Amino acid sequence: MADSLSDDEILEAVARHIGRPGQGSRLRQDGADISRLPMLELRIVRSMETRSTRPESRPGTYDISERATYEGELRDHPVEPPKDPARSRKVELVLHGSARTVACGCDEGRQPCSRCRAKGKLSCETGPLCPACKGVEPCTWCDGTGRRRKDRAPAGPSRERNAAARTTCLKCRKPRTACPQCQGRGTEKCPKCDDTGFRDCPVCEGERSTEHTPCEGTGLVTRWTGGSVGHAPHRSTVRLPDPAPPLRVRRQTGRTGAWQRATLTSADEPIPEALDPAHVKAVEAALAPRPDEVARRAEIEWLQLVAVTIPDEPDHVFHVFPGADGPEVLPIWSRRRSLRVAAVVAGVVVALLLVVALV
């Protein structure tokens, strides 16, 4: 690795941090331990290509002259990869010689109306109830059915007394039996069908047929074999080491660390020689070409990071990394100190709970 900190530089930086400048070699003699935790972040975006063909059609005479064409198999047709692999795009093509305008097969651009089944009419719904008889006794003889009901009771005295106020029933034609307002219908006159029982179909307007949708009434359809070449970005990330360093270390190295960077745009480009040997295999595996990959952009960032422990400073682990102005040191509580503090906090909480319980 180029431009990496040597062990002597690392120990001297720790010595300066703890107020013992010039004693880096003494720290080594006292048993200082250096653990290497090189950091790496690899972000790669690949442009993945898909190809498909399908029959296409448009109503009427459709102009596809502006579309590019291909010949033979679509998989053999060259398509330029996108300049930016992070962008999606789709290229629409037409198989050369496949476009043709043919008769639709309908009845000159018309089709039977599906709403009225080519009858032009629909049965009309019953109008609102007669406000006079409420539909209860529209006719004393047929009840508005037009036929004498077999279970109908004989007309009583009340019906006979009201017979003079009634009129001839339109249903059964019996005189002096029907409600004078609805004339035996039991409902008001229907404004839609004028009581004919049928109204014009609202879809075809009584013409029994409608415009044929597939050809938009032209009677013609343009058909061709279409080809589609799509490019979609696929992203992946690799972060090392695993497990990651403490959060404070990640934040500090992100702000002030002298990260080294490289961008690769081809699967043939070699990986940077400055990478830590511990990262080479992981990077090579992540950068291996994928099926249907046509373009890529890989951004690699790496930083030397070491953790130093000193017998005379058991409560801290010193993380050292290269910064803009030289080595930087960030002390973090050791596991020993963290456990001790946690035990103290737990003891305080237990004591408080006991005091609350006794009060």
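The values are calculated or read from the model by the stated rules, or taken from the named source; none is laboratory data. Treat the numbers as computed from the prediction; the structure is a model and nothing was measured. Methodologically, a virtual Cβ is constructed for each residue, glycine included, from the backbone with ideal geometry; neighbour enumeration extends over all protein chains shown. Remember, those area values only see protein heavy atoms, side chains included, never the ligands or the DNA or RNA. Shrake-Rupley method; radii C 1.70, N 1.55, O 1.52, S 1.80 Å.
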Task: In segment 39-57, the residues that are in contact with a helix residue (DSSP H, G or I) (Cβ under 6 Å, 6 or more places away or on another chain) and more than 24 Å from V91 (Cα to Cα) - done: L40, L42
Open item on the list: I'd like to verify a number: residues in segment 247-264 that are surrounded by 13 or more Cβ atoms within 10 Å (Cβ to Cβ) and more than 17 Å from Q304 (Cβ to Cβ), how many?
Closed with: 2
TODO: Mind counting the residues in segment 52-71 that are of a type outside the set (V, I, T) and either open to solvent by less than 60 Å² (accessible area, probe 1.4 Å) or not in a loop (DSSP other than H, G, I, E, B) (or both)?
DONE: 10
Task: Qualifying strands (runs of 3 or more DSSP E) (wholly inside segment 303-359; at least 3 residues being closer than 25 Å to H279 by Cα and not hydrophobic (A, V, I, L, M, F, W, C)) - done: 313-323, 326-333
Task: Matching residues, segment 29-46, being part of a strand (DSSP E or B) and closer than 24 Å to E301 by Cβ - done: I34, S35, R36, M39, L40, E41, L42, R43, I44, V45, R46
TODO: Output the number of the condition that R110 fails; it satisfies all remaining conditions of (1) under 30 Å from E207 (Cβ atoms); (2) exposed (fewer than 15 other Cβ atoms within 10 Å of the Cβ); (3) in contact with a Ser or Thr (Cβ under 9 Å, 6 or more places away or on another chain).
DONE: (2)
TODO: Identify all residues within segment 268-278 that are open to solvent by 50 Å² or more (accessible area, probe 1.4 Å) and over 20 Å from V306 (Cβ atoms); write none if there are none.
DONE: D268, E269, P270, E273
- [ ] Starting from segment 293-314, keep only residues that are acidic (D, E), then list their pairs with residues that are at pLDDT below 95 and outside any strand (DSSP E or B) whose Cβ atoms are within a distance under 7 Å, requiring at least 6 positions of separation or different chains.
- [x] D312/D30; E313/I18
Task: Restricting segment 204-233 to residues that are under 30 Å from V91 (Cα atoms), assigned to a strand (DSSP E or B) and of a type in the set (S, T, N, Q), the residue that is farthest from the chain's Cα centre (by Cα) - done: T222
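Restricting attention to segment 297-336, which residues are within 30 Å of P81 (Cα to Cα), open to solvent by less than 40 Å² (accessible area, probe 1.4 Å) and of a type outside the set (V, I, T)? Even if it seems obvious, please write down each step before you answer.
Let us first name the residues in segment 297-336 that are within 30 Å of P81 (Cα to Cα), namely 297-302.
Subset that is open to solvent by less than 40 Å² (accessible area, probe 1.4 Å): 298, 300-302.
Selection gives A298, E301, W302.
Which one of these is modelled with pLDDT under 95, assigned to a loop (DSSP other than H, G, I, E, B) and in contact with a Pro (Cβ under 9 Å, 6 or more places away or on another chain): A86, A132? If you could, list the steps in order and put the result at the bottom.
On the way: A86 fails: modelled with pLDDT under 95.
Every option except A132 fails the conditions.
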Open item on the list: Among the listed residues R36, R28, identify the single one that is under 14 Å from E313 (Cα atoms), open to solvent by 10 Å² or more (accessible area, probe 1.4 Å) and touching a helix residue (DSSP H, G or I) at 6+ places or on another chain (Cβ under 8 Å).
Closed with: R28
Open item on the list: Quick check on E49: is it surrounded by 14 or more Cβ atoms within 10 Å (Cβ to Cβ) and over 30 Å from R297 (Cα atoms)?
Closed with: no
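Would you confirm, using the coordinates I've provided, whether T210 is within 30 Å of K121 (Cα to Cα), touching a residue at least 60 places away in the same chain (Cβ under 8 Å) and open to solvent by less than 70 Å² (accessible area, probe 1.4 Å)?
Numbers: within 30 Å of K121 (Cα to Cα): yes; touching a residue at least 60 places away in the same chain (Cβ under 8 Å): yes; open to solvent by less than 70 Å² (accessible area, probe 1.4 Å): yes.
For T210, the condition - within 30 Å of K121 (Cα to Cα), touching a residue at least 60 places away in the same chain (Cβ under 8 Å) and open to solvent by less than 70 Å² (accessible area, probe 1.4 Å) - is met.
For every residue, the table says whether it meets (1) in a helix (DSSP H, G or I); (2) of a type in the set (G, A, S).
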residue: E9; (1), (2): yes, no
residue: A13; (1), (2): yes, yes
residue: R20; (1), (2): no, no
residue: L27; (1), (2): yes, no
residue: M48; (1), (2): no, no
Task: Which numbered condition G230 fails, given (1) under 23 Å from A286 (Cα atoms); (2) open to solvent by less than 90 Å² (accessible area, probe 1.4 Å) - done: (1)
Open item on the list: Considering only segment 321-336, I want to know if a residue exists there that is over 30 Å from S25 (Cα atoms), at pLDDT below 90 and among the small types (G, A, S).
Closed with: no
